[in-house]
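The structure under discussion appears below in the form of structure tokens.
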Amino acid sequence: MNPDHLPAPHPTFRVLGPVSVWDGESYQPLPASKPVSMLATLLTSPNEVTSNEFLLRAVWGDEADVDARSALRTCTTRLRKLLVRHNLGDDLIQTVSGGYRLRAGVEELDLLLFREHVVGSTRLEGVDPQVRALRGALDLWQGSLLCNVGSDVLHRGVVPLLEEERLQVLERIVDLLVRDGRDQEALAELQLLTRSHEGHERFALQLVGVLYRAGRREDALAECTRMKQYLSDELGLDPTPELTAAEMAILTGQPMVPGATAPPAPTATSLSVAAPAVDDTTGPAAAGPVASGVGDAGGTGGTVHLLRPAAVVEEQPPAPAPTLPTSRSLLGSSGFVGREDELDRLVNQLTGRDGVRSLCLLVGSPGVGKTSLALHAAARVAEHVAGHGAGGSVQAMVRMRDHDDRPRDREDVVADLAAQLGPGAHDTSTSPGLLLLDDAVREQDVAAIADAYPHRSVLITTGAPMLRLVRTHGALVHRVEELQMADALALLGRLLGPAGVAEDMLAAYDIVTHCWRNPLALRVFAATLQTRPAWGLSAAAQWLREDPVARLSGGAGDLSLAAYFDLAMLRLEPPLPDVVTRLSALDDDGFSLREAGDALDGDRFGPPHQHLDDLVNRGWLDELAPGTFRVDPLVRAFALRSPAPARGPSAVPVLRPCPALDPPQEGAR
């Protein structure tokens, strides 16, 4: 396959994201409805007969109580009318014995184009062309899969399979880089992947191998320990033989061969099949969607290319049939949902135009997800840069506070960056890359680091106002808000399991509302609920509703939202903690500058407008309209629970908001 002559760049249908239709200029997402659920079911199983029984479950749910034949006939009629409105004709949907089928090729469906790219990459010579083809396949993924389709059956059974295909492509890219001796480039990819997919063991094993071959045995062992602890604590599983073998190789000093644990590359196995006619009454209907396949829909027959492992030693048994991926392989996708518009905006800003780098500041209230958004934006930037031919781009991430929550010395941070970036990091002729400075404290440190790497974009998460960077470096400020209701419900579903949440949506809405649509609050709630398996969602919602602040603060360390909030309050310079507490007592629908001045006893705490501006710039306060303010709902709830915590070293909670970004410390592990 020649990457310069790929199939049509705009297939008619998109399912690798919201179900959408290309109108000649852009993709138009289809509004959620039963016909759209039926369309999604057929599109995720293209050129295959989908049984009436499966369609009934996918469109109306597992407990559907409808006349199947009449309901499907009516839904199909509505779907055909929908396709006609989009100038696609009414003959795409074929009625066959026992079910329905949708004919599509790579020109009509992005899923088939994705699989064609993946299979075609194996026919290319050299690592770079293969990696470019695979990244081109990943570029087809645009947003949350089937997010506008209200089918629990598809989200439970089909979406995980599609997500697994994407993860396998990411694994393949890393394997190619490692086998080509480009461990430094692979390391940058894996640092992002293991942070955004904590439970994905293959990524962890790949990272262990790269670290070990780089002479970083301590870091490699630490990653083994992290993965073993994750398997035990989160899943109750013992380490796999591959993980145990990798750990033993490190402890005994045995070599670890690059790509030794990698699955074989996919190959195209062509199976000639006869495509049933439109009125076919002989072939049995498929039970449900197939896991993968690339079809040629031309004429009355076609060729289906199945992704299968390449042949290995003959004595080995054949590969098992495709099954649903295990929860271990899917946990990586459970940690982040939504914010697609924010991610797109950040990626556009950070990748720059005409080679101009950007500085982006992420601000927001405590626990709103600044670091998580930054990590995912960095991953998108890496994919974007590599997909545009700059495969040598290197990213670096440092946490700007130490283990005692004090600002790190600038020299320490600079040394950490230099170690991650390697030699030539200051050479402006190299490919541009991204620096991620997490939890920045001192504006002058950020400015100095940005000046030291003038060709690199910088993404900064901070709880401090750094508006001087806007003036001196043209920094762009991005305020991270609470999740949209749909995204908050999706996160709750991923944390607790979509089936359980779907059973009681009213309780789910209640929980999300009383967690203020705050990602950290939802995670703390989910962790608490998982230790009480006998509770139903309704009982848990009632328990939370009685006193959300107390219920989310009963744990220790990371399981106490109060400890996290107290830490955030302690980071505020006096008199801001007192200012926050006093402002939180005002009307939660909004208050004026004059009302704020009265609450602050005039100028007792200094000019009120300065404090209000400071808190708005930090993301703790909303300015709903010029001169009208409101305290962030989560901040308000926790500020009113008790007086602001006393300042001083002994009062700092033992809490690590984002240990994954901690720099390696000598002897720390």
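Where a number appears in this text, it was derived from the coordinates with a stated rule and is not lab data. Keep in mind that what you see is a predicted model, and the values were worked out from it rather than measured. Positions of Cβ are backbone-derived with ideal geometry, glycine not excepted, and every protein chain shown enters the neighbour counts.
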P(r) for region 494-640: what percent of alpha-carbon pairs falls in each 5 Å bin, starting at zero?
2, 9, 18, 19, 15, 12, 11, 8, 4, 2, 0
In Å and whole numbers, how far do the C-alpha atoms of region 490-531 stretch along each principal axis, longest first?
23, 21, 15
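Quick check: convex hull over the Cα atoms of region 105-222, volume per residue in Å³, rounded to an integer? Walk me through the numbers before you get to the answer.
Details: hull volume 13.2 nm³, N = 118.
Hull volume over Cα atoms, normalised by residue count, gives 111 Å³.
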What ranking do Ser560, Ser20, Ser97, Ser151 get, fewest neighbouring Cβ atoms within 10 angstrom at the top?
Ser97, Ser560, Ser20, Ser151
For region 162-173, just list the computed ³J(HN,Hα) in residue order, Karplus coefficients 6.51, -1.76 and 1.60, θ = phi - 60°, integers in Hz, with x standing in for Gly and Pro.
5, 4, 5, 4, 5, 5, 5, 5, 4, 4, 4, 4
The exposure ranking of His514, His117, fewest beta-carbon neighbours within 10 Å first, is His514, His117
Share of alpha-carbon pairs per 10 Å distance bin for region 12-123, given as whole %
13, 46, 30, 9, 1
Using Cα centres only, tell me the gap between region 74-148 and region 206-237 in whole Å.
37 Å
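Let me check I've understood the local charge: for Val337, count other residues with C-beta under 14 angstrom from its C-beta, Lys and Arg +1, Asp and Glu -1. What total comes out?
Values: positive: Arg339, Arg494, Arg517, Arg523; negative: Glu163, Glu340, Asp341, Glu342, Glu482, Asp487.
So the surrounding residues net to -2.
Taking 1 over the mean of 1/r across every pair of different Cα atoms in region 562-651, what Kirkwood radius in Å do you get?
Details: mean 1/r = 0.0764 Å⁻¹.
For region 562-651, the Kirkwood estimate is 13.1 Å.
May I ask for the equivalent-ellipsoid semi-axes of region 182-252, computed as the square root of five times each C-alpha gyration tensor eigenvalue and listed largest first in whole Å?
Numbers: eigenvalues 71, 45, 14 Å².
One finds semi-axes of 19, 15, 8 Å for region 182-252.
Ranked by Cβ crowding within 10 angstrom, fewest neighbours first, how are Thr41, Thr74, Thr371 ordered? Write out the running numbers ahead of the final one.
Numbers: Thr41 25, Thr74 14, Thr371 21.
Fewest to most other Cβ atoms nearby, the residues stand as Thr74, Thr371, Thr41.
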With charges set only on the Cβ (+1 for Lys and Arg, -1 for Asp and Glu), what does the dipole of region 485-552 come to about its Cα centre, in debye to the nearest 20?
200 debye
Proximal lysines relative to Lys81, as straight alpha-carbon distance under 20 Å, when same-chain residues fewer than 8 apart are discounted
Lys34
Would you compute, for the Cα atoms of region 475-546, the largest minus smallest coordinate along each principal axis and list the three values in descending order, in whole Å?
50, 20, 18
